[in-house]
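For reference, the structure is listed below as structure tokens.
The values are calculated or read from the model by the stated rules, or taken from the named source; none is laboratory data. Every value quoted in this text rests on a predicted model; they were computed, and no experiment measured them. In this analysis, Cβ positions are derived from the backbone assuming ideal geometry, glycine residues included, and neighbour counts consider all displayed protein chains.
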């Protein structure tokens, strides 16, 4: 069954890659209309998934992620219209030049083809992923979490209906109707039909996909993000940035997990900063020098430095200079997001150049590593591996370029 | 041992990624000097490999590929100087913009990190690959064919000597001194250290790498390339292009394997074209309609259409219109190189848009799918998969981009 779906997806992709922007945007608009007009039906179907999840004893957090209501449905429809409003990446000529023999050579942005999207519980990801794949001219096979199967299938039906009305190939968007984990393994072997796999979920899912896929994978591993407060930092600015990076939404991958503070300003910076964190309920795990400066702090253990807490927990370390900070980040960072707070011009430049992370910031919160916030218009994930995309992935990252050549009879000698 | 080498490579990559263009170009120049001044020693060592290969009964073609002489050594040194003359891809800002909140966001080109290069007999690939990886700021682990091991090791010594003299990390370039096939498998599991694998060789090697790698692979599969001669083609131009595409160098991936001819011009085009091919020793395998037009031709079998002959053999098919040509290419093409010969403006545009291949040409030979010929300055392979690179790969394809953000205290709300 999955093979038939993959073959249908590839056939659809062939038509979709030459679809006009107007056709794709019309379909996205119709999807938004359909979702709103069939709201009650969606909520009713979602209720089945929720009650099954309850019986299976899923955690309240998981059930929360699974739930669709008036608000999440309105937001899905709005998301579809936002994607329709974004420019079409397909057809962009990224460069063109003339060769000495008169050949004109250009590179043109084209869709990848067929994308396999493997994700966990949120059914709204079904709609987001379908919208971004359609806009970028790609067919998509969606394998969501088994607990969301009924919700995903009704959303698939609604999206497909809109594709038909817009005269676009309906098999461009297909939810795999299986709740078996086995289906993922089968999908990962379909390298004759699929061009890319995007897994979204916990480390277990991503490792499984990387180990078992014959298809290239765009992966999003963990975020162990640091803010380095330099001796020349504006302390008020540093406090604002560090507080935001840790507290605004601690459960996400671009939240700060370790704060590095230059020895010279630690005595003036740490006590106030730590008080602010404590008021916000942040648990501090500190190095020995920090504990001397702010007595009563809990001492950090070795495994706190590489930890992605995803919670109101923060590791704090005093460093003797920027080199020590850079070495710490090189050793424990996860190539995700790293920031410096400084007023020293040269150090800002050195930090931005030397740190190997998908997003490196000077004087701004790590929380800005996000497709919308950086101005890409949408986001389908954040890549922490370097091939094809590094950092937030948006429409362009769902495309590639081919070469086109205009000749007048040239042959090679 | 391979793990230690991979760890050393990663440590070297960290230094190499901030190396200045001048340092890298100095090293490349010193490598060229060293290769020329130690010419006799290289040839002597290479003789060992050749005599072992003779004893193992390797084919003359393989021994030819293995052989280093005055001419190939001069050409390796010239290649190093050419790479030195190319612009440094590292540090290029590919875009920069300002967000409404005042953040300045840019994308900067950076090296990938550590590249694993797996190839077969030619020892000159050792030097080419090392040069391109160094120029793009990447460390490289080289696993060449076992029959070239002595040649590869002395070249490695010569390159490393130049790195030392130029004060660059010598472990940036390492030939794996093992002749065991097992070493490839071990290398493919080093995903903690390596960022990309590039296999160069036959389909067997590439399939093995794709199946066994945990590291992203940039692969170069076969080239089943077509030229479609449209009814509106200038027949003289068509004959020149088709002849060049098939005969100039039949053993390479961008040579034409199947010629598609529009029914309307087949009677005036085919007889002369086929005569020219026959004079050049090309064996024709033709469709029934071609056989009716040019009696005595050998009839093509089903397995000739998807074949990569890599030889003076050509499949020929008459098609009733461009759609039939497009469908044939979609079915049997390998996403490598496809060309149309036409004087019809609209058809040229439709062909360039609709054909899914890394290089699509109008009125030029398929043989132009090559990094040098298309103006990229150098080539490390041709990617026929779409992620990261599609088509000839050069220095830019050995890099990625990271985001840099200049703020003034912004936090996310």
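List of remarks:
- Residue count for segment B:211-245, restricted to those that are within 19 Å of the chain's Cα centre (by Cα) and more than 10 Å from chain A (Cβ to nearest Cβ): 7
- Residue check, residue A:197 surrounded by 19 or more Cβ atoms within 10 Å (Cβ to Cβ) and either in contact with a strand residue (DSSP E or B) (Cβ under 6 Å, 6 or more places away or on another chain) or without any contact (Cβ under 8 Å) to a residue 60 or more places away in the chain (or both): yes
- Residues in segment B:92-129 that are in contact with a strand residue (DSSP E or B) (Cβ under 8 Å, 6 or more places away or on another chain), more than 13 Å from chain A (Cβ to nearest Cβ) and not in a loop (DSSP other than H, G, I, E, B): B:117, B:118, B:119, B:125, B:126, B:129.
- Taking the numbered list (1) within 30 Å of residue A:212 (Cβ to Cβ); (2) surrounded by fewer than 22 Cβ atoms within 10 Å (Cβ to Cβ) in turn, residue B:92 passes all entries but (1).
- Tabulated pairs, segment B:203-214, first assigned by TED's automatic domain parsing to the domain that holds residue B:190, second surrounded by fewer than 18 Cβ atoms within 10 Å (Cβ to Cβ) and in a helix (DSSP H, G or I), C-beta under 8 angstrom, 6+ apart or interchain: B:212/B:185; B:214/A:211
- Only one of the listed residues (A:354, A:367) is closer than 30 Å to residue A:210 by Cα, in contact (Cβ under 8 Å) with a residue 60 or more places away in the chain, at the interface with chain B (Cβ under 8 Å from one of its Cβ atoms) and touching a helix residue (DSSP H, G or I) at 6+ places or on another chain (Cβ under 7 Å). That residue is A:367.
- Taking the numbered list (1) more than 7 Å from chain A (Cβ to nearest Cβ); (2) crowded, with 21+ Cβ neighbours inside 10 Å in turn, residue B:391 passes all entries but (1).
- Residue within segment B:74-91 that is touching a strand residue (DSSP E or B) at 6+ places or on another chain (Cβ under 9 Å), without any contact (Cβ under 8 Å) to a residue 60 or more places away in the chain and assigned by TED's automatic domain parsing to the domain that holds residue B:152 present: yes
- Here residue A:138 passes the criteria (1) surrounded by fewer than 20 Cβ atoms within 10 Å (Cβ to Cβ); (2) touching a strand residue (DSSP E or B) at 6+ places or on another chain (Cβ under 8 Å); (3) within 14 Å of another protein chain (Cβ to nearest Cβ) except the one numbered (1).
- Flag for residue A:314 being under 28 Å from residue A:93 (Cβ atoms), crowded, with 23+ Cβ neighbours inside 10 Å and away from chain B (no Cβ under 11 Å): no
- Residues in segment B:379-413 that are within 28 Å of the chain's Cα centre (by Cα) and in a loop (DSSP other than H, G, I, E, B): B:379, B:380, B:384, B:385, B:386, B:387, B:388, B:389, B:390, B:394, B:395.
- Leading residue by the ranking (nearest to residue A:379 (Cα to Cα)) among those in segment A:48-73 that are without any contact (Cβ under 8 Å) to a residue 24 or more places away in the chain and touching a helix residue (DSSP H, G or I) at 6+ places or on another chain (Cβ under 9 Å): A:67
- So residue A:338, is it more than 9 Å from chain B (Cβ to nearest Cβ) and surrounded by fewer than 20 Cβ atoms within 10 Å (Cβ to Cβ): no
- In the set (1) crowded, with 23+ Cβ neighbours inside 10 Å; (2) facing chain A (nearest Cβ under 10 Å), residue B:373 fails one condition alone, (1).
- Checking residue A:163 against (1) surrounded by 17 or more Cβ atoms within 10 Å (Cβ to Cβ); (2) outside any strand (DSSP E or B); (3) within 14 Å of another protein chain (Cβ to nearest Cβ), the condition it does not meet: (3)
- Filter pass, residue B:252 being in the same structural domain as residue B:351 (by TED's automatic domain parsing) and crowded, with 18+ Cβ neighbours inside 10 Å: no
- Count of segment B:246-277 residues, restricted to those that are more than 13 Å from every other protein chain (Cβ to nearest Cβ), under 27 Å from the mean Cα position of the chain (by Cα) and over 22 Å from residue B:321 (Cβ atoms), is 2.
- Check on residue A:403, within 7 Å of chain B (Cβ to nearest Cβ) and touching a residue at least 60 places away in the same chain (Cβ under 8 Å): yes
- Matching entry among B:49, B:25 (being away from chain A (no Cβ under 14 Å) and under 17 Å from residue B:164 (Cβ atoms)): B:25
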